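Nothing in this text is a laboratory measurement; each read-out follows from the coordinates by a stated rule. Since we're looking at a predicted model, the values are computed, not measured. We place every Cβ from the backbone using ideal geometry, glycine too, and count neighbours over all the protein chains shown.
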Amino acid sequence: MFEQLVGKLPVGICVVNEQYEVVFLNDFFVDRMDANLRKDYQDKNVTDIFPAQAKFLRRRIKSVFVLQHPSFSYWEQRPHIFPFNSSRPITGEETQMFQNMEIVPLSSSTHGKLACIFLQDVTAQASYYIAQQELSKALKREHEEQLKLIKKLDSAQSQLIQAEKMASTGQLAAGIAHEINNPIGFVSANLDTLRQYGEHLISIGEKLASHSPDADTTTHKLIQQLLEAHHFDLLREDMPPLIAESCEGLTRVRDIVENLKRFALEESSGWQLLNLEDAINQMLELVAIQYKNPVYKAQIEPKGLKLFCEPGGIKQALMNIVINAAQSVTGEGFVKIIAKQDDTATYIKVLDNGSGIDARHIKKIFDPFFTTKPEGLGQGLGLSVAYTAIEKHNGRISVNSKLGKGTVFDISLPLQQPEDSDELVVTSA
Amino acid sequence: MNGVTTLTEDQRDALQELMNISMGQAANSLAHLIETKIGISIPKISSVTPPELFGMINRSDNAFYTRQSFLGDIQGEVMSVVSRDGLSEVANLLEYEAPLSQSDIEETILELSNILAGACLAGLSSQLELATNLNMPTLFSPKKASFVELNWQHSLVMEVQFDIELSSFSMRVVFCLDRVSLEKLTATIDELLG
């Protein structure tokens with residue numbers, strides 16, 4: 001009865017002696033072996049019958065004989081020890097059988113020490129597990145892609161916010177500029193008239209002073225007293241430069257407003273030929289108003305260098321980089337822009353000798369919302385916007401920086417030809 | 001239920017001695033198989049809470065972990081902590097050929113755990129005349145959270161460290177017994193002590 005039972009067990013049983021010779025095989029093994037081996041396996045070396053994993057089998061059986069302790073093998077590490085197929089030879093899905101193996105020590109009075117190999121068909125579990133693993137891998141991949149997409153969306157959104165903000169700031173600036181222009185107009189006209197009136201008054205005073213000795217004593221005294229009481233000498237010396245300075249100041253205000261109007265109000269969007277030299281000079285003037293520390297230099301070759309681009313984006317990109325450069329210069333220092341062009345591209349370099357960028361930050365500076373400024377002082381969008389604008393032009397931007405020494409931004413924009421050569425030239429005119 | 005109070009000093013000494021002998025046998029078996037000298041530490045016997053057990057096991061990031069349950073007259077689990085250092089030398093001794101694949105590494109870890117845990121358990125069982133069977137080892141990575149959730153308060157653990165000369169390899173085997181098995185164990189020890 002037991003022999004029948006062992007024979008029919010749905011588990012492979014193979015018993016070998018200390019010479020690794022097969023003493024017993026149950027049906028599970030026999031059914032799966034080659035026909036010519038089925039009759040003739042007794043007393044054959046198990047590694048001769050199953051040579052594929054001979055070395056491994058020998059080692060494990062030896063370990064069981066030496067240690068008198070079970071040895072295990074798991075399908076995950078060693079899936080196919082015996083060259084068996086899983087069931088279903090007719091209906092398909094026939095694959096190599098995934099196997100778990102356990103070898104246990106036995107002993108019998110006739111054979112002495114024995115080792116019994118139990119073999120379990122775990123193909124179903126293994127295929128299920130493998131399918132799960134693949135599914136989980138696919139899910140993970142999808143998840144990563146989604147994360148990337150979300151990141152892209154985030155950055156796109158933040159750039160939209162920035163663009164929106166720039167647009168409204170631009171409109172605001174243009175509106176204010178317009179409003180300021182009116183008073184500036186009449187104030188400077190009035191001031192000019194005032195200057196003339198002043199000159200007249202001074203000349204009256206001077207004449208009075210020089211002719212008063214000719215008058216009678218009472219009048220002479222009165223004139224002298226009046227002139228002294230109103231500090232005529234000081235007034236005469238101080239009034240013209242005061243008025244001249246005020247006129248100069250007004251001219252500067254007018255220039256700033258004009259620059260602001262031109263730079264901020266990008267009415268015409270789309271690709272146009274931009275006069276890069278003018279744009280850079282305008283921008284430097286604007287930045288210089290707010291950041292007075294550095295000396296600003298522009299070196300543009302050839303003069304009147306033109307660039308076919310989206311002027312709004314490029315101006316904004318340069319502005320953001322230059323502002324960062326200017327902010328990094330705390331004591332004496334410089335901010336310099338070098339622009340040149342060859343047959344293939346336009347190269348713009350922005351250099352400063354300011355505080356530089358910490359090496360651990362350098363990878364992140366183009367990330368949206370990355371900022372080293374104290375909370376509330378920076379949104380971390382400037383360089384991200386610059387990066388996107390340059391990317392949009394198929395250009396490249398790279399940065400080199402040394403803490404305490406300064407920073408260099410290198411921009412290269414591949415040359416693009418306007419489709420229509422009669423394109424408008426956007427200049428400062 | 002407190003593992004410490006149920007062990008008298010005599011019981012502890014006896015268990016320590018039994019462990020010493022079985023560990024020695026385990027080391028001998030492995031040494032015989034891989035033909036190398038093996039050093040063993042004095043076994044430590046203590047009662048631990050789940051977080052303490054986690055602390056015992058999770059001492060280094062540079063290790064692999066396996067666990068293996070055993071059934072029979074006494075029941076419990078054996079956890080092995082296998083150092084990454086020197087593992088390739090040991091794999092060579094077990095006749096794996098370099099370079100080791102991931103499967104080779106896993107198989108080596110599982111086999112080492114099985115040999116040492118099995119030998120320890122077999123030694124202990126045979127001296128106490130208890131029948132035990134060790135199940136298949138599996139790899140696992142201990143997580144503090146899952147240890148905190150365990151539904152026991154104290155467990156008797158026996159810990160021993162094996163070192164292989166010639167390489168920086170070391171391995172710790174931690175035996176944990178459940179409460180019923182602990183009672184069975186102390187009863188058996190008491191019988192031996194007479």
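Across all Cα atoms of region A:311-406, the radius of gyration (one decimal) and Dmax (whole number) stand at 13.4, 44 Å.
Take the alpha carbon atoms of region B:33-79, find their center, do the same for region B:115-151, and report the distance between the two centers in whole angstrom. Taking the Cα centre of region B:115-151 as reference, the centre of region B:33-79 is 8 Å away.
Ranked by the mean number of other Cβ atoms within 10 Å of their residues, highest first, the peptides B:160-167, A:279-286 fall in the order A:279-286, B:160-167.
Between residue A:410 and residue A:129, the FRET efficiency from the beta-carbon distance, with R0 = 35 Å, is close to 0.10. Placing unit charges on the Cβ atoms of the charged side chains and taking the dipole of the protein assembly as shown about its Cα centre, the candidate lying farthest along the positive direction among B:127, B:11, A:219 is B:127.
Over chain A, Cα pairs under 8 Å with separation of 6+ residues give a relative contact order of 10 percent.
Note on residue A:332 and residue A:292: the model spin-label points, each 7 Å out from Cα along the C-beta direction, lie 1.7 nm apart. Normalised by residue count, region B:86-194 yields a Cα convex hull volume of 138 Å³ per residue. Here A:117, A:13 are placed in order of increasing Cβ neighbour count within 10 Å, fewest first, which gives A:13, A:117. Each 10 Å bin from 0 upward holds the following percent of the Cα-Cα pairs of region A:2-127: 13, 46, 34, 7, 1. Taking other C-beta atoms within 10 Å as the exposure proxy, B:38, B:21, A:150 rank A:150, B:21, B:38 from fewest upward. Computed from the C-beta positions of residue A:219 and residue A:197, the FRET efficiency with R₀ = 35 Å rounds to 0.90.
Per the Debye calculation on region B:9-193 with a single equal scatterer at every Cα and no solvent contribution, log₁₀ I(q)/I(0) for q = 0.09, 0.13, 0.15 Å⁻¹ amounts to -0.31, -0.65, -0.86.
In this rough spin-label picture, where each label sits 7 Å from Cα along the Cβ direction, the residue B:71-residue B:28 distance is 3.1 nm.
Expressed in Å, the radius of gyration and Dmax of the Cα atoms of region A:178-251 are 16.7, 58.
Inter-chain Cβ neighbour count for A:61-67, averaged per residue, equals 4 (cutoff 10 Å, partner chain atoms only).
Counting Cβ atoms of other protein chains within 10 Å of each Cβ in A:33-41 and taking the mean gives 0. A Förster radius of 56 Å combined with the Cβ-Cβ distance from residue B:58 to residue A:11 puts the calculated FRET efficiency at roughly 0.95. Backbone geometry of region A:354-371 corresponds, through the Karplus equation with coefficients 6.51, -1.76 and 1.60 at θ = phi - 60°, to 3J(HN,Hα) couplings of x, 6, x, 10, 4, 4, 6, 9, 4, 6, 9, 4, 8, 6, x, 6, 8, 8 Hz, x marking Gly and Pro. Taking every Cα-Cα distance in chain A and sorting them into 10 Å bins from zero, the calculated P(r) comes out as 4, 14, 15, 10, 7, 7, 9, 10, 8, 5, 3, 2, 2, 2, 1, 0, 0 percent. Across peptide B:111-118, the mean count of Cβ atoms from other chains lying within 10 Å of each residue's own Cβ comes to 4.
Length available on full extension from residue A:251 to residue A:358: 0.36 nm per residue minus the Cα-Cα distance, which gives 34.4 nm.
Distances between every pair of Cα atoms in region A:114-233, grouped in 10 Å steps from 0 to the bin holding the largest one, split as 10, 13, 10, 10, 9, 8, 8, 7, 6, 5, 5, 4, 3, 2, 1, 0 percent. Between residue A:180 and residue A:107, the simple spin-label model (points 7 angstrom out along Cα→Cβ) gives 10.4 nm.
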